[in-house]
Amino acid sequence: AAITGAGSGIGRALALALAAEGASLAISDIDWPGLEQTRNQAEAMGVAVSTHLVDVSDREQMIWFAEEVVERHGQVDLVVNNAGVVVSETLDDVTYEDFNWLMGVNFWGVVHGTKAFLPHLRQRPQAYLVNVASINGMVAFPNNGPYVASKFAVTGFTESLTQELEGTGIHVSGVYPGGVRTDIVRRAKFYKAAASDMDRDGMIGRFDESAKTSPEEAARVILDGVRRNRPRILIGRDAWVLDWLKRLFPVWTTRWVARKVRELKNTPRS
């Protein structure tokens, strides 16, 4: 299994869950210390692990990553495009530099991972490709426009890929987590929140309160969905509720979410 963004969060939880089942791992991240921690924990379970310092936004690095995985492990059966970043800013004020940085990781990282690994996945009798999007790939949130745009793009890309690979031995799954307790918000580029009085600490505190799903539970749901060849894997009750609301009341849900987000009060960390 090859996993991007495996230095923490869902990526690490997936790596450890797969290691517990005996899978060899090729894990990548730009966070080398975090990646080494994941490697140490996985190797303690007795599996082969290779670590790769890779920027998913760099096409050449991702091509190299795919080639290295096959050279070191002989094959690749499962690829998880998981790496992701956040910018909290209005679309009016977000810089092109920040927008390009986010799209490079969240969208182009998925494209690069898919295109780099597909030739190798085709060599296997059965293979699996998992693209991690977000519930924000279905429902928009204010002051999160670049992230929302990237995840909607991943959703469309993954659905088209699913259509094109139907009938082949490659199974494609799109993953749509709600609030999962990872460090993605702590590592976000923060400028302003939709709630006017909320600062960075307040945003982190609110996220910690609302994120009900652990990375380990997210990993369990993802792997269960992959085993069942599910094209859409929703994670968390919040993701299921927002998905159904958007399906039933698309215009109302968009307005309701914006209103609720702006009504949030500052909750600094203690």
Accessible surface, per residue, of the range 134-243 when the full set of protein chains is kept, probe 1.4 Å, Å²: 45 Å²
Descending Cα extents along the principal axes, the chain, whole Å: 53, 40, 33
Solvent exposure of the range 39-93 as accessible area per residue, Å², 1.4 Å probe: 49 Å²
Extension gain from Lys260 to Arg230, taking 0.36 nm per residue of separation minus the Cα-Cα distance: 7.7 nm
Distance in nm between pseudo-label sites at Trp244 and Thr168 (7 Å out along the Cβ direction from Cα): 3.5 nm
Flagged links, alpha-carbon separation over 27 Å, of Lys151/Lys246; Lys115/Lys212; Lys189/Lys260; Lys151/Lys189: Lys115/Lys212
C-alpha center-to-center spacing [the range 235-256, the range 123-149] in angstrom: 16 Å
Label-point separation in nm, Gln126 to Trp252, each point 7 Å along Cα→Cβ: 4.2 nm
The chain, accessible surface, carbon-and-sulfur percent (1.4 angstrom probe): 53 percent
Of the chymotrypsin sites (Phe, Trp or Tyr not before Pro) in the range 56-113, those whose Cβ has at most 14 other Cβ within 10 Å and which sit in DSSP loop: none
Within the chain, longest stretch clear of exposed GluC sites (Glu not before Pro) (DSSP loop, no more than 14 other Cβ within 10 Å): 22-165
Long-range amide H partners of Phe107 with built H, under 5 Å: none
Ellipticity estimate at 222 nm from DSSP helix runs (n ≥ 4, -39,500 (n - 2.57)) divided over the chain, nearest 500: -15500 deg cm²/dmol
Loop trypsin sites (Lys or Arg not before Pro), the range 220-252 (other Cβ atoms within 10 Å of the site Cβ: 16 or fewer; DSSP): Arg228
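The values are calculated or read from the model by the stated rules, or taken from the named source; none is laboratory data. It should be emphasised that the depicted structure is a prediction, and the values quoted were computed from it without experimental measurement. Positions of Cβ are generated from backbone atoms using ideal geometry, with glycine treated the same way; all protein chains shown enter the neighbour counts. Areas reflect the complete protein model, heavy atoms only, side chains present, ligands, DNA and RNA absent. Shrake-Rupley method; radii C 1.70, N 1.55, O 1.52, S 1.80 Å.
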